[in-house]
1. Is there a pair in K16/K155; K19/K156; K22/K149; K30/K149; K19/K115; K66/K151 whose C-alpha atoms are over 22 Å apart, and which pairs would that be?
2. With label points built 7 Å along Cα→Cβ from the Cα atoms of W123 and Q50, find their separation and express it in nm.
3. Extension gain Q43-K151, at 0.36 nm per residue separation less the Cα-Cα distance, in nm?
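Please treat every number below as a calculation from the coordinates, not as lab data. Just so it is clear, the model here is predicted, and its values are computed rather than measured. When we count neighbours, we look across all protein chains shown, and the Cβ atoms used for this are built from the backbone with ideal geometry, even at glycine.
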Amino acid sequence: MIFGRPGSGKSTFALKLHKATKLPLHHLDKHFFEENWIERDYQEFLNIQQALVDQEAWIIDGNSLKSLEMRYGRADTALYFNFPIGQCYWRVFKRLFDKNPEIDDRAEGCRETVKMDLLRYIWRVPKRVALYLDFLRETYPNVRFIEIKSKRDLKKLEQEFLK
C-alpha cells in the first residue's frame, strides 16, 4: 500500500511498481470520487476498498485516513511518501500543466484541479497520519513500514522494488 501527501509521487511510484510486478493497481481517488469531484457514499467506498484488500495481491495508492487501518492491516508493505510540503505543493501545481498521461488516478469526469481544500489537506496529512502510525505499527508488526522523505530515499526504494 502507498499513502502520503498529495503531490508526493505516490501515483507515479505506484505505476512503476505495477509495471515491474504486474500486480493489480488501484487508485483510491477513482473510487472515492464520482464525476466532478463529488464524494461517493462513504459506506459504498468502504465496501469497494474491502473488496480490493480481500484480493490476494494488490497495490493500492491513496490516503483515506479514516480507512487506513483496513488497508494497512492487509498489506505486507506500507510505503509512506512524506516529502517536504513545499515539494508537494510544487508538484500539485506542476501536474496541472504536465500530467503523466499513463497515470489514471481520477474518477471519470474529474479534471485535474487545485482547490483550497486540497492545499489544506496537503498541510494536514503528516499530523493526521502521525496520530495513526504508532498504533498501526504496534498493531501490525508484520507489515514492513518504509517512510520516503527524500529523493535519496526514493532512489533506494526504486532500486529495491523495481529490479
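1. Table pairs above 22 Å Cα-Cα are K22/K149; K30/K149; K19/K115; K66/K151.
2. Placing both labels 7 Å beyond Cα along the Cβ direction yields 3.6 nm.
3. 35.2 nm
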